[in-house]
Amino acid sequence: MNRPGLLSACKAMLQRDLTLAWRRRSDIAMPVLYALIVTMLFPFALGPEDTLLQRIAGGVILVTVLLAMLLALDAMFSSDIDDGSLEQLVLAPQPLAVMLAMKILAHWLTTALPLIVITPLLAAMLHLPASVIPVLLLALLLSTPLLSLFGAVLVALTAGTRRSGMLLALMLLPLCVPALIFAAGAVAAAQQGLPWIAPISWLAATLVLTLVLAPLACAVALRIALDS
Amino acid sequence: MTATPTAVLLLEAQALSFHRQDEAVFAPLDFQLHAGELALIEGDNGSGKTTLLRMLAGLLHVGAGELRWRGAPLQRDNCAGDILFLGHQLGLKGDLSPRENLRFVAGLHGSRESMGAASALAAIGLRGYEDEPVRRLSAGQKKRAALARLLLLPASLWLLDEPYANLDRTGIALVNQLLETHTAAGGAALVTSHGAVSFHGGEPRHIRMHA
């Protein structure tokens, strides 16, 4: 018997989830459209006043992206649980935590990355100075994976329960607040011309820690969810 | 089919039972399964056949009693990939074709030598449907697409939960033939079924379950 190496197994997992996401392209477009619409509505509601929009732009974009990601979060494992793919994944001779990390990566690539790509457009709509956009992008690049990882653990924890959407949102809120504070802090500091590296470093440190721990927690939670 | 005395002992259960909310799902079971053996698990609806198979696969924890795999206590890590479980949920992605589904599982499990996704699908009777999304296949064809895993993946013990469900006459014959080749090659299988299994090597062993 020749078992495939971890690397080729990771590739197979990633390829499958990306193919699946591509077959359901409209699901990817949903969060992007949502973020576009929300950001577009702000100037209409508040008036096209430059100073006001500039002041709230960073926060609005971060909150919008966070909420848009929330839309797609509870679908992370649900279809795999429904059709039995998750059972097969648990039984596969590969480390479950690594396979789940690949699933989370695929999820981030298909939900958060499109949002980050359109962020410069969102920033332009809210008159955010061009010099702040790189900091905003950096903050998003660090805080969105954090949200995906936290979300994955919570989705795994609530996997067995019915109508887990409400519970998920309630549990995720306290976890994503620190990420939001640091990301918004970095953007605000950059806007005022202050050093912004400290909050970004905090985000990066949290991300590294979560990157290691979240897939492990996810694997344990899903094993427990199936063991009933 | 009786195993030869030299056959390797694959799976051994002693006073095995499972409890759900402090209530035993099935009465304690004792059985042994050697390489080259096929055992039929019989029991009424709700007698715990699926629970037993899920426990043997390692999805459920062992409730009470002992379960040994190749002489050592069964742990997920030392039997992963060597035990293949096929349950009611087929584990197929509706948006992917049978070929893509098979390629993915082979990417995790590896595949038998001289066997590829295409030849496994042809052997299972899905020639011409390789690239059709699974959600457009009939229930029987989906079952066949899932059974193709048996042909492709290297595993010594098959745990098949109702493998005959939804299959037509030729499909049933095909499953019997798969089981025959598998046991002849030194593999073992535990099968739950309501339908009759005509196993060529004689009458298979029966494991009777009581709630």
key: Whole-number percent relative contact order across the range B:30-121, with pairs defined as alpha carbons under 8 Å at least 6 apart   = 16
ask   = Among A:M69, A:M125, A:M166, whose mean-square fluctuation peaks in a Gaussian network model of chain A (Cα, cutoff 10 Å)?
value = A:M166
query = Rounded to the nearest 500, what is chain B's calculated 222 nm mean residue ellipticity when only DSSP H runs of at least 4 contribute -39500 (n - 2.57) each, over all residues?
reply = -8500 deg cm²/dmol
Residue-averaged [θ]222 nm for chain A, counting only DSSP H segments that reach four residues, each worth -39500 (n - 2.57) = -28500 deg cm²/dmol
ask   = So which aspartates and glutamates pass the test for A:K103, namely a Cα distance under 15 Å, with those fewer than 8 places away in the same chain ruled out?
value = A:D17, A:D74, A:D80, A:E87
task = Find how many whole Å separate the alpha carbon centroid of the range A:107-184 from the alpha carbon centroid of the range B:149-167.
result = 41
ask   = Where in chain B are the DSSP H helices whose C-alpha atoms run 18 Å or more along the long axis and whose mean Kyte hydropathy is at least 0.0?
value = B:139-152, B:169-184
message = As I understand it, the value is the acute angle between the Cα axis of helix A:197-226 and the longest principal axis of the Cα atoms of chain A; what does it come to in degrees, rounded to 10?
response = 30
note = In debye to the nearest 20, the charge dipole size for the protein assembly as shown, taken about the Cα centre with +1 at each Lys and Arg Cβ and -1 at each Asp and Glu Cβ, equals 580
Top of A:L53, A:L216, A:L173 by mean-square fluctuation, Gaussian network on chain A, Cα under 10 Å = A:L173
task = Evaluate the relative contact order of the range B:92-211 (contact order divided by residue number), counting alpha-carbon pairs under 8 angstrom at least 6 apart; express in whole percent.
result = 24
ask   = How do B:V105, A:V63, A:V132 rank when sorted from fewest to most other Cβ atoms within 10 Å of their own Cβ?
value = A:V63, A:V132, B:V105
query = For chain A, modelled as a Gaussian network with Cα springs under 10 Å, which listed residue fluctuates most, A:Q192, A:Q94, A:Q15?
reply = A:Q192
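Since every read-out is calculated from the coordinates, none of them should be taken as a lab result. What you are looking at is a predicted structure, and each value in this text was computed from that prediction instead of being measured. Methodologically, a virtual Cβ is constructed for each residue, glycine included, from the backbone with ideal geometry; neighbour enumeration extends over all protein chains shown.
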